[in-house]
1. Fewest to most neighbouring Cβ within 10 Å: what's the order for 533, 415, 176?
2. Once both labels are modelled 7 Å past Cα along the beta-carbon direction, what's the residue 283-residue 6 spacing in nm?
3. Return an integer: the convex hull volume of the alpha-carbon atoms of the range 1-136, in Å³ per residue.
4. Between residue 291 and residue 73, how many nm apart are label points set 7 Å from Cα along the C-beta direction?
5. Just from the alpha-carbon atoms, what are the Rg and Dmax of the range 396-546 in angstroms?
6. Counting each pair of different Cα atoms once, what's the Kirkwood radius of the range 120-201 in Å, rounded to one decimal?
7. A 26 angstrom limit on the alpha carbon distance is what I want to check against. Which of 48/131; 48/433; 48/484; 155/542; 50/542 exceed it?
8. Run the numbers for residue 166 and residue 62: contour at 0.36 nm per residue of separation, minus the present Cα-Cα distance, in nm.
Amino acid sequence: MPLWCTLLVRDKSCVVPLYTIEEGVNHSLNPFCDHCRCTGWGNHLVSKRKYHVVIPNDRDWNKPLEDNVLNIHSHLLHGLIHCNGFGHLLCINGIEGGSKYLYGREIMDLWDRICEILKARKISVEDASKKHGMDLRLLHGVAYGHTWFGRWGYKFCRGSYGVSEENYDRAIEILSSQKLDKIIQDFSDREQSRQIKCMVQHYRDLSESQLVTIRDLFKFMLTIKSRSALQKKLVAATAAPSASVQKNSIRISFHKKDNSKEKYLRCKRFTSVIAHMDSRWPAKRLEFAAEVIVDALKQHKSEVGHGGMTRQDLRDAARMHIGDTGLLDYVLKSMNNVIVGCHIVRRGINSARVLEYTIDDVDPVKDLKLLEATEEIRQKPLPDLLPAPAPVPGTDVYNDVVYLYNNTLLNYPESELLELATQAVLDSKHFVKDRPFRDEDDQLLRFFCQVMPGLFDAENMATETSPAGELVMVPLHATVFDLKQAAEKALRDTYCIMDKFVVTEVDNLGEMEDRDVLFGALESGAEILVRGSGIDLDSNLKHEGGADNWIVRCECGARDDDGERMIACDICEVWQHTRCCGIEDSEAVPPLFVCPGCCTSFGPPMTNSPLEFQCSDDLLLDSATMYGMDYEYDNCIGLLQ
């Protein structure tokens, strides 16, 4: 593949390699684009070339690119732009993602400028960004009304599980408008009551403006990190804790010391643990998954130097090597004080109240000899794995944000509306930046040239949306014939099935002939429809979504692939989300599945059957009213295993 390397200088402190890789679709192992399909662009014609923009991880700057460079997820930047101007931001990793020099916002600024210079038309991103275990699309959505990518103009494109833009906007409004006083009242009979009340009061005292809603609070807390004056005020306010706090701290420290003397943790070999477990996976498969998890923890420890990994981060890292999420969840659940190879894996709650996994080396002399004799060792518990005292508000702003995020957004007491709103925001992952067309002040006419949809497939013309049009530029004095030639050249150069396309007619020009001048007949920036011949309708490289004609009809309202896990009925072959069918992400897909519609056609649902269970309707926003559903299933799912 053709490759270019551009060296970028960052404040004379380092030189950053930026690689541009041209991938020819005709010789690619992956000619179709899953990202287009999940974004809703599956009907776009397959473009001839893809351009990958890559900044490798810091540790690889002085190494040649690996053969699987396009499949690595640890790049600081990986963007893809099709030659028709549509593209995808595939990955971005700043300081928290492993970079020693570049912040995420700096990388995003660079990517945004690249797209602007190349005049990319639309760029999508699947927002799965996290910080301190929090989904930023939820946190920033509540705090700012848009995702972290919203700073650069990325807006809602499509939601998973049938979430519409209206649902998303309404969910953000519901969550962000919660009154702080109402939150304090709702938590009054909960154990978190005192902590939440102290946090709210602490930041109200710091703020120069009134904090009324949860949006006001989160926005202020996220802003306070970058405002030096307030940061100094924050440090001063928390520098001298009260006598009662000091007394409690002394009491807690003595309590920890006593416990560390009296209690020991038994650490067993993972092979011994799984020997007594009733698992559907073979022991070798479980051991392999444990080794992958240990490798992820070791890599994280070598890069960061300290601390552990949250369960979600560790799960995501392991998924790069193991696709079976059910297997990973099963192994993670059993990994606490276990020994894998020469390492001990522990699980505990960190100071931010988040489940965290850590790894330590086994003593090669003392512990390994004891292991050979007893299959277990006794070790003192680590202080940081013991339940930590309630955090003092203001000591660490991000710890406070995590605490409020977990309680007021994820685990609000007895509020179905807030639960559904949170789920709707989390189910909205696909965002797009649409670069509006701007006609330049020059001596060129610009038109968006689109092929008549009926030329592709007359039978599906009424149901399929038209593929995107191509930008064509001609001089001011150009004739109709010049426009046909320019359109023909652009389409041939862009799409695989247009390699021999010949333009014969332009619909918008009425009775104009080939020698007539365009100036004055068409306004620059107009869309035109062309007819012609030579389209290769038998080509396999037709639509970016691939040749498979999936039928999606899920009870959540989804009618197209949204990238979430699905299962097909073995009778009607209609696809539905596993989650909507009551199959958890941690569960394996059943070998045989029959949808509710086909169950009903065979006969009435059985009662008191071990094969029957209810759909997870409580995960959806009031189905018909919230999601605009016009199709309902019975609450009967047939699973034959």
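1. Numbers: 533 10, 415 13, 176 19.
Fewest-to-most ranking of 533, 415, 176: 533, 415, 176.
2. 5.6 nm
3. Values: hull volume 16.2 nm³, N = 136.
In the range 1-136, the Cα convex hull volume per residue is 119 Å³.
4. Going by the 7 Å Cα→Cβ label model, 2.1 nm.
5. When restricted to Cα atoms, the range 396-546 yields Rg and Dmax of 24.2, 73 Å.
6. 14.9 Å
7. Numbers: 48/131 37 Å; 48/433 23 Å; 48/484 21 Å; 155/542 28 Å; 50/542 15 Å.
The answer is 48/131; 155/542.
8. Values: separation 104, 0.36 × 104 = 37.44 nm, distance 4.77 nm.
The span from residue 166 to residue 62 would gain 32.7 nm if fully extended.
Bear in mind that the values in this text are calculations on the coordinates, not laboratory data. All of these numbers come straight from a predicted model, not from anything done at the bench. Because the Cβ atoms are built from the backbone with ideal geometry, glycine has one as well, and the counts that use them run over all protein chains shown.
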